[in-house]
1. So, residue 66, is that one closer than 18 Å to residue 36 by Cα and modelled with pLDDT of 90 or more or not?
2. Identify, please: which residue in the stretch 207-237 is within 17 Å of the chain's Cα centre (by Cα) and surrounded by fewer than 12 Cβ atoms within 10 Å (Cβ to Cβ) and is, among those, farthest from residue 1 (Cα to Cα)?
3. With the condition kept exactly as written, say whether any residue in the stretch 88-103 is surrounded by 21 or more Cβ atoms within 10 Å (Cβ to Cβ), within 16 Å of the chain's Cα centre (by Cα) and in a helix (DSSP H, G or I).
4. Would you call residue 31 assigned to a loop (DSSP other than H, G, I, E, B), on the phi > 0 side of the Ramachandran plot, at pLDDT 85 or above and surrounded by fewer than 24 Cβ atoms within 10 Å (Cβ to Cβ)?
5. Collect the residues in the stretch 80-99 that are within 23 Å of residue 25 (Cβ to Cβ), modelled with pLDDT of 90 or more and out of contact with any strand residue (DSSP E or B) (no Cβ under 6 Å at 6 or more places or on another chain), keeping them in residue-number order.
């Protein structure tokens, strides 16, 4: 079965779909057979990305299916993939859904609201958020089925390179819940105008013919993020 990488934003505006399409392209760059499941019908970013790739003549275009049912009942094309990236609508991360994922990728920005949805505090003591409770239940379901544990990555997304002090403050807050709730905090993608332009055109930074320093830096940070996400993931031949 393909490894399932589930990109789930707790709320909108965290760069979830931007991360999902770039992850697909980064995996494809490595020669892997990659499929996508678009479970965010309000945005349909993955589907628009596939259509754009076909218009541009990308060969082969990524295989994208629409609807959560394709996760539990994949068609022949998805079954042949080595990796499936699923882009979920905000708030979809239930235990029933998460049990199918090998890796949960949860983008957050440096916002009190975002972080409070990952780890909450009661009298300065961290306590599980609804998402943390859903992950815990999903892990128990996977154990009962003899599956590997669900790996939960909290991705610091849309990072402003100038906000060094704020970055450290929010990182310290998130770090308090890492060992208790079993997630790993990792750096994601910076706040770059390149991503916005590519997103509006249904493209990725890998599609650009530009060799500017900004483009090369963006590609490199996506590749590094992909390395971290794939760490420990078993891929079928």
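The values are calculated or read from the model by the stated rules, or taken from the named source; none is laboratory data. Keep in mind it's a predicted model, so treat the numbers as computed, not measured. We place every Cβ from the backbone using ideal geometry, glycine too, and count neighbours over all the protein chains shown.
1. no
2. Looking only at the stretch 207-237, we keep the residues that are within 17 Å of the chain's Cα centre (by Cα), and these are 218-233.
Next, only the ones that are surrounded by fewer than 12 Cβ atoms within 10 Å (Cβ to Cβ) stay: 220, 227, 232.
Numbers: 220: 29, 227: 20, 232: 16 Å.
It comes out as 220.
3. Yes, that holds for at least one residue.
4. Judged against the criteria, residue 31 is a match.
5. Matches in the stretch 80-99: 80, 82.
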